[in-house]
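Notes for the one structure printed next.
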Amino acid sequence: MSSQHVDTAPGSGPPARHVVVIGGGISGLAAAHRLVTAGARVTLLEAGGRLGGKLHRGEIAGAPVDLGAESMLARRPEAVDLARAVGLGDRLQAPATSTASIWTRGTLRPMPRGHVMGVPATPDALAGLLSDEGVARIAREPELAPVDPADLGDDVAIGQYVAERLGREVVDRLVEPLLGGVYAGDSYQISMRAAVPRLFEAARQHPSLLDAVREVQAEAQAQQQGGPVFLGIDGGVGTLPLAVADAVRAAGGELRTGTRVLGLARAGADGWRVRTDSDTLTADAVIIATPAWSAAELLSGESPAAASALGSIEYASMSLVTLAFRRSELGALPAGSDGSGFLVPPVDGRSIKASTFSSQKWQWVADGAADLFVLRTSLGRYGEEEHLHREDVELVAASLRDLGDAVGLAARPVATEVTRWIGGLPQYPVGHVARTARIRAEVAKLPGLRVCGAAYDGVGIPACIADGQRAADEVLDQDHPADGRRSGRGTMAS
């Protein structure tokens, strides 16, 4: 018997079709919210002791902080819309500063503008970051043989392709740290089609990669509505899943933490049995919103083909080190360190991959502890697991050494917090889009079953929310001839 916590609120009227959502991260919560809003009866099962997955609110030295994801892309609507729907609209907050740096070759250098995930539109955009030779190499790109769509094929590794067209230096000094910040991966393996799909399509249509970047930038400018690129939430992005959970409960949904799902099987033509470590539930439909390896285990009996493809998805682990300093002991940081933080190219051989100056980036962090300066570092990426086996004190010491070299930080922290995200970020290698399509096609053969989460169409918060909502919509729109009802959103909401 697990240590199970059940939290439910009474709904109004008779329950509609019963949908079980497996996984209490933001994708599963978004699916549950969509379902209960449409009138479905929902049971969400989470194996861990808390909801939210990689969105995790915490504190350090009494100051509130995010111990996971800290911002969400504002120019995709899903995360912002969901935050507003669950009552957090007035707490959405833009970063206090949007300037950032690259720490490379021993110096903090301003983050260049005029690029798409590190791929520049002009050589001048990277002047000062790259060597003169590296900038000149970019300038020669239009003189190369025109881009042949056959070279891109169905997919290509973004690092490999950009290096061929613009030189390795732009990849190693900018594309790598930027993509590493999103996927904790290796840009020489990451799928261009999956990670930067619009650039992939534009590159197939232009003789020059620089021309393709300019087209993508022009489209973005034409669509730009103004406002910040990213948003946070006063109190932390980790408050979003908690607010969504509250909204699901208020609509009659049942949320169970500490409940591990052990098996999934068909129950007749149209139903499902979900076996947990404490009981067995019957459901009309199931949404699996767990990491790929867990989804593979659950589907091994009912869809071996989907399970096999899911089992091939690899993950990167990372460690997040949060540090709090007394401002009175900090001293002045050097010029160039007054932005939101900096990225570190792996080619420079440092321990940390990035640092965020949380007290400078987020006003709510500064307001929550006026006498403290809070920052955080990240360590580890795909293929680099040694940080997981190091003691917390070692990770803190490594972070402090690099911070001392980067910004001259000499003070000692008054509090530290190390958060290990083991298997935290799915990897999107070449062929990922096709693999995802195969998984979804196999899963779709099973009535009343869908999968969603970061393993499929994007690791960012809006992408995960969108995927959870898509899964919910598809379940709601399926026909169910056994009882003659169609579970469309309009019908179920009535």
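Can you give the FRET efficiency for Arg140 and Thr107, using 1/(1 + (r/R0)^6), R0 = 30 Å, r = Cβ-Cβ distance, to the nearest 0.05?
The computed FRET efficiency comes out at 0.70.
For the residue pair Arg204 and Thr99, what label-to-label distance in nm results when each label sits 7 Å from Cα along the Cα-to-beta-carbon direction?
Result: 4.1 nm between the two label points.
Determine the dipole magnitude for the chain: charges of +1 sit on the beta-carbon of Lys and Arg, -1 on that of Asp and Glu, nothing else is charged, the reference point is the Cα centre, and the result goes in debye to the nearest 20.
Here the size comes out at about 780 debye.
Calculate I(q)/I(0) for region 54-154 by the Debye formula, one identical point scatterer on each C-alpha and no solvent, and give its log10 at q = 0.23, 0.24 Å⁻¹ to two decimals.
Debye output, listed in q order: -1.24, -1.29.
Calculate, in nm to one decimal, what Ala150 and Arg275 gain on full extension: separation in residues at 0.36 nm each, minus their alpha carbon distance.
Computed gain between Ala150 and Arg275 is 40.2 nm.
When all protein chains stay in place, what accessible area (Å², nearest 10, 1.4 Å probe) is found for Lys353?
Lys353 has an accessible surface of roughly 40 Å² with all protein chains in place.
Testing the spin-label approximation: label points 7 Å from Cα along Cα→Cβ at Ser300 and Asp90. State their distance in nm.
So the label points at Ser300 and Asp90 sit 5.1 nm apart.
Using helices alone, I'd like the mean residue ellipticity at 222 nm for the chain: each DSSP H run of four-plus residues gives -39500 (n - 2.57), total over residue count, nearest 500.
Details: 19 runs with 167 residues, N = 494.
After summing the helix terms and dividing by the residues of the chain, the value is -9500 deg cm²/dmol.
Charges on Cβ only, +1 for Lys and Arg, -1 for Asp and Glu, centred on the Cα centroid of region 375-414; of Val393, Tyr382, Ala406, which one is farthest towards the dipole's positive end?
The one lying farthest along the dipole's positive direction is Ala406.
Could you tell me, in Å, what Rg and Dmax come out for the Cα atoms of the chain?
Here Rg and the maximum Cα pair distance are 23.5, 71 Å.
Once fully extended, how much extra length lies between Ala441 and Glu219, figured as 0.36 nm per residue of separation less the alpha-carbon to alpha-carbon distance?
76.8 nm
Roughly how many Å² of Trp272 are accessible to a 1.4 Å probe, to the nearest 10?
Only protein atoms counted, so the area is about 0 Å².
Work out how much length Val182 to Val393 would gain on full extension: take 0.36 nm times their residue separation and subtract the Cα-Cα distance, in nm to one decimal.
Gain on stretching Val182 to Val393: 73.4 nm.
With all protein chains present, how much of the accessible area of region 336-403 (probe radius 1.4 Å) comes from carbon and sulfur, to the nearest whole percent?
The value for region 336-403 is 46 percent carbon and sulfur by accessible area.
Sequence gap at least 6, Cα distance under 8 Å: using those rules, report the relative contact order of region 421-470 to the nearest whole percent.
Averaging sequence separation for qualifying contacts and normalising by length gives 31 percent for region 421-470.
Rg/Rh for region 356-444 to two decimals, with Rh computed the Kirkwood way over all alpha-carbon pairs.
Here the Rg-to-Rh quotient is 1.14.
Can you tell me the accessible area per residue over the chain, all protein chains present, probe 1.4 angstrom, in square angstrom?
Details: 20050 Å² over 494 residues.
Result: 41 Å² per residue.
Taking the chain as the reference, fit the longest principal axis to its C-alpha atoms, fit the long axis of helix 26-37 to the helix C-alpha atoms, and give the angle between the two in degrees, 0 to 90, nearest 10.
It works out to around 40 degrees.
Tell me the net charge near Gly58. Cut-off is 15 Å between Cβ atoms, Gly58 excluded, with +1 for each Lys or Arg and -1 for each Asp or Glu.
Values: positive: Arg50, Lys54, Arg57, Arg376, Arg420; negative: Glu59, Asp66, Glu70, Asp392, Glu417.
Result for the local shell: 0.
Taking the alpha-carbon distance from Lys353 and a cut-off under 25 Å, which lysines remain once sequence neighbours fewer than 8 residues away in the same chain are dropped?
Here the lysines satisfying the reach criterion relative to Lys353 are Lys54, Lys361.
Please work out the Cα center distance from region 238-306 to region 57-108, rounded to the nearest Å.
With region 238-306 and region 57-108 each reduced to a Cα centre, they are spaced 29 Å.
Region 108-205: which trypsin sites (Lys or Arg not before Pro) are DSSP loop and have at most 13 other beta-carbon atoms within 10 angstrom?
Taking region 108-205 and a limit of 13 other Cβ atoms within 10 Å, the loop trypsin sites (Lys or Arg not before Pro) found are Arg113, Arg140.
Using C-alpha positions alone, give me the convex hull volume of region 244-377 per residue in cubic angstrom.
Working: hull volume 25.3 nm³, N = 134.
Considering the Cα atoms of region 244-377, their hull volume per residue is 189 Å³.
Using only Cα atoms, locate the centre of region 138-168 and the centre of region 424-452, then give the distance between them in Å, rounded to an integer.
Between the Cα centre of region 138-168 and that of region 424-452, the gap is 28 Å.
Of the heavy-atom accessible surface of region 133-232 (probe 1.4 angstrom), what whole percent is carbon and sulfur?
49 percent
How do Ser351, Ser319 rank by accessible surface area computed with a 1.4 Å probe, from largest to smallest?
Values: Ser351 40, Ser319 0 Å².
Order by accessible area, largest first: Ser351, Ser319.
Could you tell me which of Val261, Met192, His18 has its Cα farthest along the dipole of the chain towards the positive end, charges placed at Cβ (Lys, Arg +1; Asp, Glu -1), taken about the Cα centre?
His18
Under a crude label model (7 Å from the Cα following the beta-carbon direction), how far is Ala410 from Phe230 in nanometres?
Using points 7 Å along Cα→Cβ, the separation is 3.1 nm.
Please give the solvent-accessible surface of Asp338 in Å², to the nearest 10, using a probe radius of 1.4 Å with every protein chain present.
Roughly 110 Å² of Asp338 is accessible to a 1.4 Å probe.
The values are calculated or read from the model by the stated rules, or taken from the named source; none is laboratory data. Predicted model, so just to flag it, every value in this text is computed and none were measured. Note: ideal-geometry Cβ built from the backbone for every residue, glycine included; neighbour counts use all protein chains shown. These accessible areas exclude ligands, DNA and RNA; they are computed on the full protein's heavy atoms, side chains included. Shrake-Rupley method; radii C 1.70, N 1.55, O 1.52, S 1.80 Å.
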